[in-house]
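The values are calculated or read from the model by the stated rules, or taken from the named source; none is laboratory data. Treat the numbers as computed from the prediction; the structure is a model and nothing was measured. When we count neighbours, we look across all protein chains shown, and the Cβ atoms used for this are built from the backbone with ideal geometry, even at glycine. When the accessible area is computed, the model is the full protein with side chains, heavy atoms only, and any ligands, DNA or RNA have been set aside. Shrake-Rupley method; radii C 1.70, N 1.55, O 1.52, S 1.80 Å.
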Amino acid sequence: MEERKKILLIIEDDATLSRALKDAFAIPGLDVLMASDGIMGLEMAIARHPDLILLDIVLPKMNGIEMLKKLRQDSWGKGARVIILTNLSEQEKIADALESDAYEYLVKVEWELPALVKKIRALLAL
């Protein structure tokens, strides 16, 4: 019996970064789902139950913090692993994310793509 692929949901509205992330995570054993706004991301998360969600804060239609709070109201979503990946480094945004049980808060400019991929692979045991 084939082992189930892990699912990574990337919720990011920057098309260039989305493509770079999707390409970087094209690895065996991983399905990558993409959403470009908070509403689409929330719907995909609840429907597909990804193993990990990479979530930007500044998103159209619904921002990442609001999306995370709504996700936490869902029975599955309460325990979903969410990593905030954003350019916002203000303390209040970090506090909001951590209060909503974000697994981790990463500032984009502080992370090189290979290091991020390595971190995500380790979290997903890939």
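Key figures for this structure:
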| quantity | calculated |
| --- | --- |
| Selection within the range 36-61 - touching an Asp or Glu at 6+ places or on another chain (Cβ under 7 Å) and in a loop (DSSP other than H, G, I, E, B) | Ser36, Asp37, Asp56, Leu59, Pro60, Lys61 |
| Checking Val117 against (1) at pLDDT 90 or above; (2) under 17 Å from Ala24 (Cβ atoms), the condition it does not meet | (1) |
| Lone qualifier among Ile84, Ile65 - being modelled with pLDDT of 85 or more and either among the acidic types (Asp, Glu) or outside any helix (DSSP H, G or I) (or both) | Ile84 |
| Subset of the range 28-79 that is in contact (Cβ under 8 Å) with a residue 40 or more places away in the chain and either in contact with a Phe, Trp or Tyr (Cβ under 6 Å, 6 or more places away or on another chain) or of a type in the set (D, E, K, R) (or both) - its residue that is most open to solvent (accessible area, probe 1.4 Å) | Arg48 |
